[in-house]
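Structure, as structure tokens:
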Amino acid sequence: MFKRLLLSTAIVTLVFASANAKGINPVLSMLNTEEKVFVVERESNSLAVIEKGLTRGHMTGMHNMNHGVVKFDGKDGYVISRDGWVVKFDPEKEVILKELKTSESAIGFTITKNFLAVANYAKKSVDILDRDLNPLQSFQTGSKNVGIKTYKDYLIFSQMDNDKITVLKDTNYGKGLPHFVIHKEFEDVGVMPFDAMIKDNNFITGFFQSDYFGVVNLDTMKYSKIKILLEDRKPVLKVPHFGFWSIGGGYVFIPAVGNNKVLVYTPDFKFVKNIETEGLPVFTALSPDKKYLAVTFSGKKFPVIQIIDTKTLKVIKRFEFDGKVLHVRWSNIRPNLYVSVNDTNKVAVLHTKDWYLSREIFQIKKPSGIFIYEEKK
């Protein structure tokens with residue numbers, strides 16, 4: 001018993017010393033961060049709310065959630081609906097605070113400390129709002145707008161119909177509310193850009209109909225095309241969202257458009273290899289420790305998830321569900337991978353250390369996107 005007590009004391013001492021070395025309050029570091037999971041209910045204008053493994057409620061009045069996206073910043077939650085509504089809500093009290101319709105159709109937005117930027121489809125504009133959803137500026141593009149991102153004092157997006165990438169510059173950067181002007185536009189970047197990501201100083205975009213992806217170096221404002229070598233091209237049944245590219249373990253992982261492959265590149269975009277997958281990949285989602293990559297598919301393989309080891313670059317696990325998998329989300333604080341199974345109205349939870357199905361959470365109507373709010377207790 002005395003030896004056990006000494007061992008326990010030593011472990012606690014190590015935990016406290018490690019926390020102190022990192023400048024963390026050791027008492028607070030040992031308290032659990034609570035995880036609240038918001039799940040888009042695709043056909044019900046609502047978000048399901050999951051806490052402690054159970055569906056605890058539903059936030060209604062979220063408008064058309066067919067392609068609903070949720071983002072958190074601090075204690076604020078924001079939703080963008082498919083029919084162009086931006087909704088601000090309190091994720092702790094689960095109440096809507098304000099809403100604004102920016103267009104008849106929207107699909108993407110980004111949040112910073114003092115503004116939101118919305119990429120509209122139907123209105124064919126990019127709208128700048130303050131954090132309380134008051135309109136500040138609107139840029140008319142004559143195109144569906146996608147892949148909206150921020151970098152330093154820049155706001156970057158792609159114009160799907162015009163094959164163009166636009167860079168706006170905030171002339172009031174760091175001084176309060178933004179004021180954007182057009183800084184640079186890149187023409188003929190590729191056919192039908194559809195999504196993008198930011199990695200360091202690079203704005204990376206993919207295309208519906210070009211066999212490469214494009215990279216804007218936002219420090220030098222130079223554009224380059226990175227060739228993707230694909231064979232036996234297949235029809236795309238679901239658009240792969242390049243916002244779900246994954247970067248980690250020294251690699252960039254990209255779902256191949258129309259091929260049963262995940263493409264692997266170095267961070268400076270030198271080709272490494274193609275990882276053969278079971279189906280046409282849609283999402284690649286990297287685990288918080290960057291050891292594993294979860295891959296989802298479209299078509300006949302909609303119900304399947306494959307897990308790739310990012311060190312060996314090989315598929316190590318496979319899971320098949322009783323319905324289409326529309327989204328996955330790794331937990332940052334628990335060994336969980338949440339999986340939305342649309343046809344059977346549930347979220348499955350995979351245990352990611354021993355790789356087994358640990359729980360199924362029901363009473364969720366046609367789930368798709370999964371978004372996690374971490375609440376400090």
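Compare 73, 127, 354 by solvent-accessible area with a 1.4 Å probe and give them largest first, with all protein chains kept in place.
Largest accessible area first, the list is 354, 73, 127.
In whole percent, how big is the carbon plus sulfur part of the accessible area of the chain, probe 1.4 Å, protein atoms only?
52
Would you work out the charge dipole size for region 93-192 about its Cα centre, treating the Cβ of every Lys and Arg as +1 and the Cβ of every Asp and Glu as -1, and quote it to the nearest 20 debye?
Computed charge dipole of region 93-192: roughly 300 debye.
What relative contact order, as a whole-number percentage, does region 242-349 give when Cα pairs under 8 Å and 6 or more residues apart are counted?
Once normalised by length, the contact order is 16 percent.
Using a 1.4 Å probe and ignoring any ligands, DNA or RNA, find the accessible area of residue 368 and quote it in Å² to the nearest 10.
About 10 Å², ignoring ligands and nucleic acids.
Name the shape class, rounded, prolate or oblate, that the alpha-carbon gyration tensor gives for region 127-211, where a ≥ b ≥ c are the square roots of its eigenvalues, rounded holds for a/c under 1.5, and otherwise prolate holds if a/b is larger than b/c and oblate otherwise.
Taking the square roots of the gyration eigenvalues as a ≥ b ≥ c, region 127-211 is prolate.
First check a/c for region 317-377, with a ≥ b ≥ c the square roots of the eigenvalues of its C-alpha gyration tensor; if it is under 1.5, answer rounded, and if not, answer prolate when a/b is larger than b/c or oblate otherwise.
Oblate.
Got a number for the accessible area of residue 183? Probe 1.4 Å, square angstrom, nearest 10.
Taking all protein chains as shown, residue 183 has close to 80 Å².
Would you tell me the accessible area of residue 40, worked out with a 1.4 angstrom probe on the heavy atoms of the protein chains, in Å² to the nearest 10?
We get 0 Å² for residue 40.
Which of the listed residues, 180, 74, 328, is farthest toward the dipole's positive end in the chain, when Lys, Arg count +1 and Asp, Glu count -1 at the beta-carbon?
Checked the options; the winner is 328.
Once you keep just the Cα pairs under 8 angstrom separated by 6 or more residues, what percentage relative contact order results for the chain?
11 percent.
Compute the distance in nm between two label points, each set 7 Å from the Cα along the Cα-to-Cβ direction, one at residue 66 and one at residue 266.
Placing both labels 7 Å beyond Cα along the Cβ direction yields 4.4 nm.
Among all the aspartates and glutamates, which ones have a C-alpha under 17 Å from residue 124's C-alpha, if same-chain residues fewer than 8 places away are not counted?
Hits, sequence-local ones excluded: 83, 104, 161, 163, 185, 195.
Can you grab the distance from the C-alpha centre of region 308-377 to the C-alpha centre of region 171-230, Å, no decimals?
Cα centres, region 308-377 to region 171-230: 31 Å.
Per residue of the chain, what 222 nm ellipticity follows from adding -39500 (n - 2.57) for every DSSP H run with n ≥ 4, rounded to the nearest 500?
-2000 deg cm²/dmol
Quick one: accessible area per residue over region 256-340, 1.4 Å probe, rounded to a whole number of Å²?
Heavy-atom accessible area per residue stands at 40 Å².
About its Cα centre, what dipole magnitude does the chain give when the only charges are +1 on Lys and Arg Cβ and -1 on Asp and Glu Cβ, stated in debye to the nearest 20?
900
The values are calculated or read from the model by the stated rules, or taken from the named source; none is laboratory data. As the structure is a computational prediction, the values presented were derived from the model and not from experiment. We place every Cβ from the backbone using ideal geometry, glycine too, and count neighbours over all the protein chains shown. What goes into the accessible areas is simple: the full protein's heavy atoms, side chains included, and nothing from ligands, DNA or RNA. Shrake-Rupley method; radii C 1.70, N 1.55, O 1.52, S 1.80 Å.
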